[in-house]
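Data first, discussion second: the structure below is written as structure tokens.
Rule-based calculations on the coordinates, nothing more; no lab input. Keep in mind the model is a prediction, meaning the values are calculated, not measured. Every residue, glycine as well, gets a Cβ built from its backbone with ideal geometry; the counts of neighbours run over all protein chains shown.
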Amino acid sequence: MPDSELGPIARPLRVAVVGAGPAGIYAADALAGQDDVAVAVDLIDRLPTPFGLVRHGIAPDHAKMRALRETLHHTLDHERVRFVGNVEIGTDLSLAELRRHVDAVVYTYGASGDRRLGIEGEELPGSLAATDVVAWYCGHPDADRALVEQAVARARDVVVIGVGNVALDVARVLSRAPGELVSTDMPQHVLDALAAAPVERVTVLGRRGPAQATFTTHELRELDTLTDATVLVDPADLELDPAAEEAMDRLVARNLAVLRGWTEHAGSPGRVSLRLRFHARPVRLLGTDRVTGVQVERTTVDAAGRATGTGEFDVLPADLVVRSVGYRGHPLPGLPVDERSGTVPHEAGRVLREGRPSPGEYAAGWIKRGPTGVVGTNKHDARETVKALLADAASGQLRPGGDADDLVETLLARGAEPVLLANWRAIDAAEAALGATQGRARTTLHERAALLAAARAAAAAG
Ligand SMILES: Cc1cc2nc3c(=O)[nH]c(=O)nc-3n(C[C@H](O)[C@H](O)[C@H](O)COP(=O)(O)OP(=O)(O)OC[C@H]3O[C@@H](n4cnc5c(N)ncnc54)[C@H](O)[C@@H]3O)c2cc1C
């Protein structure tokens, strides 16, 4: 529709992006970096800090990957983007209220829930979801410290269930010698707890064969950097049936080459034996008041990649079990999420309600496509979504409507404490200052109160 029929556009299109992880930041970047439509973006996060899983998921010993924060930060500095942290949509502000303030909403709030194994004993103390352990070692303010630290303090035998990159992260972090972690930004109490943990054996369990494992070769090879651990693999676990051999792609071939290199390792000259075991399905977790073992059934894998039990069982002792079998998204009050996939139904990023695109609602990142891919995958994904949003703006389906009140003023008026860019900078500076006192580049502040106290220092400084 031509401008004359719409009337003059008095103000930029207001877009709220819900979740300041990679997908939200890439969406904000794609919106701010184009000149076809004037936009003002509010990049909202429930935490006082931006970066989502780049801060609270990527393992702290992956310094290069975590340094992605520097690149993502450019978007926070953009004049068309306003970071609004410490505001949870669905709690501090309902979706309906948010939508009254803006012309469009892009949901990028990730998939933070954990998938269940559905086996007996899963709820025993000492059985943790990888989400709990990762949140703890990354210093997420909502991490349950007591839950994880009680389990880590007695963890001599650890079983990690799952063969994706997150499972390897957890196994690697638990197998690191204390000296290998001191240069990371882990909170000090995490370093202390890991240094005191009695870990001797870590077993990573894959239900199917090495050809079906989803970890990347880079992540696998990193196990070779452990200074005080020996990686062990049973050659029998790596035998492929002819169909798998035939279907083997380059990733599987590279992974197998790395795994085969470890089959010659014997015993454990290091403090920790880290065993990768395949064709081993956990059947139940054993124990009465806490987990003591995992009963495992040997499997075979058919041509379609399905695992079938062989009836051959054994028991692995375990003081700590970490279940790393995937993440899933949850609904925000007022937003549909597909029960099975844990994602928001969409068409090229346009949110579908009852099968039809809902005007002014979009999704990107893990809540759009599920918990797969690397950080960069979210860039293409967010661009697709923003393309749809801009097309809707160009076709007149989306346009600045009325004189909505400013979101931050509304939040302040109702007693909320939004963390803006200057406040985040103050948190950033406080973490660098804390790190400097410990001879490190940065130490993560892990308590919401400490984060907000640091944020307030910016307000006090004017
Ligand atoms: C343990 C782990 C390790 C990983 N390691 C790597 C790695 O080494 N390399 C790599 O490339 N990729 C890695 N990834 C994948 C990568 O982190 C993801 O691809 C990416 O973070 C997904 O981006 P997202 O923005 O969709 O979700 P997220 O990063 O989860 O961001 C979602 C954001 O939304 C916020 N939010 C949630 N609910 C609300 C609400 N109601 N209101 C406001 N805000 C809300 C959250 O606080 C969060 O900041 C890892 C993932 C995990 C889980």
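Taking the longest Cα principal axis of the chain as reference, the axis of helix 250-262 is set at about 40 degrees. The simple spin-label model puts a point 7 Å past each Cα toward its Cβ; for Glu70 and Thr300 those points are separated by 5.4 nm.
Compared with the direct C-alpha span, the chain from Thr372 to Thr437 gains 19.6 nm at full extension, assuming 0.36 nm per residue.
Would you be so kind as to identify which of Cys138, His56, Pro198 lies farthest towards the positive end of the dipole of the chain, taking Lys and Arg as +1 and Asp and Glu as -1 on Cβ and the Cα centre as origin? Among Cys138, His56, Pro198, the one farthest towards the positive end of the dipole of the chain is Pro198.
Largest first, the extents of the alpha carbon coordinates of the chain on the three principal axes equal 76, 53, 39 Å.
Relative to the Cα centre, the charge distribution of the chain, modelled as +1 at Lys and Arg Cβ and -1 at Asp and Glu Cβ, gives a dipole magnitude of about 260 debye. Where nothing but the Cβ of Lys and Arg (+1) and of Asp and Glu (-1) is charged, how large is the charge dipole of region 108-220 around its Cα centre, in debye to the nearest 20? Charge dipole of region 108-220: 360 debye, to the nearest 20.
Would region 284-332 count as rounded, prolate or oblate if I go by the C-alpha gyration tensor, calling it rounded below 1.5 in a/c and otherwise prolate when a/b exceeds b/c, oblate otherwise? Oblate, because a/c is 1.5 or more while a/b does not exceed b/c. Helix 165-175 versus the longest principal axis of the chain: what angle, 0 to 90°, nearest 10, using Cα atoms? Long axis of 165-175 versus the principal axis of the chain: about 60 degrees.
With +1 on each Lys and Arg Cβ and -1 on each Asp and Glu Cβ, and nothing else charged, work out how big the dipole of region 116-325 is about its Cα centre, in Debye to the nearest 20. Don't jump to the answer; show the numbers that get you there.
Numbers: 22 positive and 31 negative charges, 9 e Å.
Computed about the Cα centre, the dipole is about 40 debye.
Ordering 22-32, 120-130, 78-88, 158-168 by mean Cβ neighbour count within 10 Å, with the highest value first, yields 22-32, 158-168, 78-88, 120-130.
When each of the peptides 370-383, 201-214 is scored by the mean number of other C-beta atoms lying within 10 Å of its residues, the order from highest to lowest reads 201-214, 370-383. Think of the chain as a dipole: +1 on every Lys or Arg Cβ, -1 on every Asp or Glu Cβ, centred on the Cα centre; then among Gly305, Ala393, Thr377, Gly305 lies furthest on the positive end.
Relative to one another, the C-alpha centroids of region 210-263 and region 165-200 are positioned 23 Å apart.
Shape verdict for region 373-424, please, from the Cα gyration tensor: rounded (a/c under 1.5), prolate (a/b greater than b/c) or oblate.
oblate
Helix 377-394 and the long axis of the chain differ in direction by around 20°, with both axes built from C-alpha atoms. Using Cα centres only, tell me the gap between region 401-462 and region 21-58 in whole Å. When both Cα centres are located, 16 Å separates them.
Gain in length, Arg154 to Arg353, computed as 0.36 nm per residue apart minus the alpha-carbon separation, to one decimal in nm?
Extra length from Arg154 to Arg353 when fully extended: 66.8 nm.
Stokes-Einstein, applied to the Kirkwood radius of region 116-325 over Cα pairs at a viscosity of 0.890 mPa s and 25 °C, places its translational diffusion at 141 µm² s⁻¹.
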